[in-house]
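Report on the structure given below.
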Amino acid sequence: MRNRTSGVHDCARGSRGKIGSARLEPACGYNAGVAFRIRPFQKADFEVLWQIDQICFDPQLAYSRPELAFYMRRPDSFTLVAESAPVPGGNGGSDRTIVGFIVAEARRRTGHIITIDVVPPARRGGVGSMLLQAAEDQLGRSGAALVELETPVNNMTAIQFYKRKGYFVEKTVPGYYSNQLDALVMSKELVPGTSRFATSP
Ligand SMILES: CC(C)(COP(=O)(O)OP(=O)(O)OC[C@H]1O[C@@H](n2cnc3c(N)ncnc32)[C@H](O)[C@@H]1OP(=O)(O)O)[C@@H](O)C(=O)NCCC(=O)NCCS
């Protein structure tokens, strides 16, 4: 959800392992062979995440610090961070680099992806996929049967990414964003048959 005309915004602009424990997986597009892990957000990450958001979105859609903090602090929301593994022989942890993050929220049986941001040099290396999968897993564990999100109609990268990850376009919301841009609402069933748009057998 991002700068909706209502004043609320999301990318709305949402495991291959357990959340809370480090998961290291190789990615190929960013320093080929570098492994990444997904972990829960820590307070000290906030400024870096905000800066990544500024890089990832046009000024009209990027979150202000209070907006990002607002979404991350909502009662049912959570934030996961992707970071590169420490360099062998490095300083044992402080050389990890945050390469992306995802903010998602569970609203009863429906999960919602608030934003997903991957730094440009790390894109097409599987980081976005890892973040989305981890968020879907966490949403599924908290009872979500469906995951929804909004994305600007002109964000072809995001649309291609979500389609590749099993999301379908539900509808267009005219003038959803504060710059009057339309949004696509996209969704994915975590439990088959739960979408409002699913056809009855
Ligand atoms: C969308 C985004 C999160 C994807 O992250 P990523 O780490 O590059 O994604 P992945 O590497 O896991 O990509 C998985 C698949 O999505 C598709 N995809 C990703 N980027 C794509 C692009 N630029 N063009 C076409 N397809 C793309 C591909 O099918 C890709 O698989 P492949 O690389 O094997 O072909 C990233 O581009 C980003 O942060 N963009 C800016 C912020 C943004 O728009 N967020 C979405 C807001 S609604």
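The values are calculated or read from the model by the stated rules, or taken from the named source; none is laboratory data. Note that the coordinates shown come from a computational prediction; the quantities given were computed from them, not determined experimentally. Using ideal geometry, Cβ is built from the backbone for each residue, glycine included, and neighbour counts are taken over all protein chains shown.
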Need pairs with beta-carbon distance below 8 Å; first residue within 10 Å of Ser187 (Cβ to Cβ) and among the hydrophobic types (A, V, I, L, M, F, W, C) and within the range 147-167, second near the ligand (Cβ under 7 Å from one of its atoms) and assigned to a loop (DSSP other than H, G, I, E, B); sequence gap 6+ or separate chains. Leu149/Cys11; Leu149/Arg13
Per-region count, the range 61-81, residues under 27 Å from Leu181 (Cβ atoms) and touching a Gly at 6+ places or on another chain (Cβ under 8 Å): 0
Among the listed residues Gln42, Gln60, Gln51, identify the single one that is modelled with pLDDT under 95 and over 13 Å from the mean Cα position of the chain (by Cα). Gln60
By residue number, the members of the range 156-178 that are surrounded by 14 or more Cβ atoms within 10 Å (Cβ to Cβ), outside any strand (DSSP E or B) and away from the ligand (no atom under 12 Å from the Cβ) are Ser178
Based on this model, can you work out whether Ala135 counts as of a type in the set (Gly, Ala, Ser), in a helix (DSSP H, G or I) and more than 8 Å from the ligand (Cβ to nearest atom)? yes
Scan the range 180-196 for residues that are in a loop (DSSP other than H, G, I, E, B) and surrounded by 14 or more Cβ atoms within 10 Å (Cβ to Cβ) and jot them down. Leu181, Asp182, Leu190, Thr194, Ser195
Report yes if some residue within the range 114-127 is at pLDDT 95 or above and away from the ligand (no atom under 13 Å from the Cβ); otherwise report no. no
If I filter the range 140-151 for residues that are within 15 Å of Arg37 (Cβ to Cβ) and part of a helix (DSSP H, G or I), do I get at least one hit? no
Taking only the range 92-135 into account, find how many residues are surrounded by fewer than 18 Cβ atoms within 10 Å (Cβ to Cβ) and within 8 Å of the chain's Cα centre (by Cα). 0
